[in-house]
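Worksheet: one structure, shown below.
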Amino acid sequence: MTVPTAANAPAFASSAGPDDADGRTRFEELIAADDRVEPSDWMPEAYRKTLVRQISQHAHSEVIGMQPEANWIGRAPSLKRKAILMAKVQDEAGHGLYLYSAAQTLGTDRDTMFEQLIAGSAKYSSIFNYLTPTWADMGSIGWLVDGAAICNQVPLCRASYGPYGRAMVRICKEESFHQRQGFEILLSLMAGTPEQRAMAQESVNRWYWPALMMFGPPDDESPNSQQSMAWNIKRLSNDGLRQRFIDMLVPQAEVLGVTLPDPDLRWNEERGHYDHGPLDWDEFHEVLAGRGQANAQRLERRRQAHEDGAWVREAARAYAERMAARREERFEKVAS
Ligand SMILES: [Fe+2]
Ligand SMILES: [Fe+2]
């Protein structure tokens, strides 16, 4: 087991300077041909920075996102539900690891990203700052939060940066299981007692709007989107993705028998899409600014888990050093 550190982070990042004319031409050709940029290719610093920011935020979201559901592992209503929930939460840890690895290929090591998260200087998806007071929230998170994640992430499988796109392919396969298990929890509750149906509906009422905000601010307030689309990192705009998600949810809500809490939601024949009511962007910005239900709790828990895991990192480092020394010894013997 190797713990990536600044010292052993893969030296993928291109050593060419910012003014490498050939490198720039090659990069522009790759983007124009909708081809993949790989870690050893020259890339503009702004492209690298955008990717590190996006991939590390994404990795942090996966890792912090384990907390709202871990809250219910010990209280899941059956052994089967507990096993499913544990598998899902473990998947999220794995998603974090794929993504940290992808970000490392851009020259930023994992320790730095962890430190930024724990210090509160790195962002993660605001949705994970909401609390999970009922079992039905496990259903709503799977159906709505993982559902929104899939909508967002399927186009990222074609992102121009190779390691990111490839990580997303595997992540999306697992996310689709996550969404189905959430849908199935809600379906079971909706087939249950009036109390269970009320619990499912109340939970959907709380998660619906925050899930729509997961796609980010409206297009006219999202200045970086245009550049990300020009670089083939992002394929669809925030509002385009949000519309696609709403159109997908309406028939699924009908199957479940839940009501989506938007009185303005109706089919628009002309547009071929559902119209929807206004989103509460003040709430979005409040949570983003750290004033959500659980921002402090989430960071504190992560800080604690990081400190508790210090001995594992130390042991892994010592082991890696011993293995490296042994390899060196063997090499010297062969050479002499
Ligand atoms: Fe995930
Ligand atoms: Fe997920």
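The values are calculated or read from the model by the stated rules, or taken from the named source; none is laboratory data. This is a predicted model, so every value here is computed, not measured. Glycine gets a Cβ as well: all are built from the backbone with ideal geometry, and neighbour counts include every protein chain shown. Keep in mind that these areas ignore ligands, DNA and RNA; they rest on the heavy atoms of the full protein, side chains included. Shrake-Rupley method; radii C 1.70, N 1.55, O 1.52, S 1.80 Å.
Applying 1/(1 + (r/R0)^6) with r as the Cβ-Cβ distance of K173 and T25 and R0 = 25 angstrom yields a FRET efficiency of 0.10. Computed FRET efficiency, Cβ-Cβ of R75 and A253, R0 45 Å: what is it to the nearest 0.05? Efficiency at R0 = 45 Å is approximately 0.95. Across the options A324, L260, L288, the greatest Cα extent toward the positive end of the charge dipole of segment 223-336 (unit charges at beta carbon of Lys, Arg, Asp, Glu) belongs to A324. The alpha carbons of segment 230-332 stretch over 75, 34, 33 Å along the principal axes, in descending order. Backbone phi angles across segment 141-148, fed through the Karplus curve with coefficients 6.51, -1.76 and 1.60 (θ = phi - 60°), yield HN-Hα couplings of 4, x, 5, 8, 6, 5, x, 5 Hz in residue order; Gly and Pro are listed as x.
Taking the C-alpha atoms only, the angle from helix 295-308 to the longest principal axis of the chain is near 40 degrees. Over the chain, the hull volume per residue, using the convex hull of the C-alpha atoms, is 166 Å³.
Share of carbon and sulfur in the accessible area of segment 207-336 stands at 51%, probe radius 1.4 Å.
Extension gain, D275 to K333: 0.36 nm times the residue separation minus the Cα-Cα distance gives 13.6 nm. Listed by chain and number, the lysines whose C-alpha is less than 30 Å from the C-alpha of K173, apart from same-chain residues fewer than 8 away, are K49, K80, K82, K88, K123, K234. Normalised size of segment 294-336, defined as Cα radius of gyration per 2.2 N^0.38 Å with N residues, equals 2.02. The residues of the chain present an accessible area of 50 Å² per residue when probed at 1.4 Å with all protein chains retained.
Each peptide among 37-45, 103-111 gets the average number of other Cβ atoms lying within 10 Å of its residues, and from highest to lowest they stand as 103-111, 37-45. Overall, the anisotropy analysis places segment 205-286 in the prolate class: the square-rooted eigenvalues a ≥ b ≥ c of its C-alpha gyration tensor yield a/c not less than 1.5, with a/b exceeding b/c. Each Lys and Arg contributes +1 and each Asp and Glu -1, all at the Cβ; summed about the Cα centre of the chain, the dipole is approximately 1300 debye.
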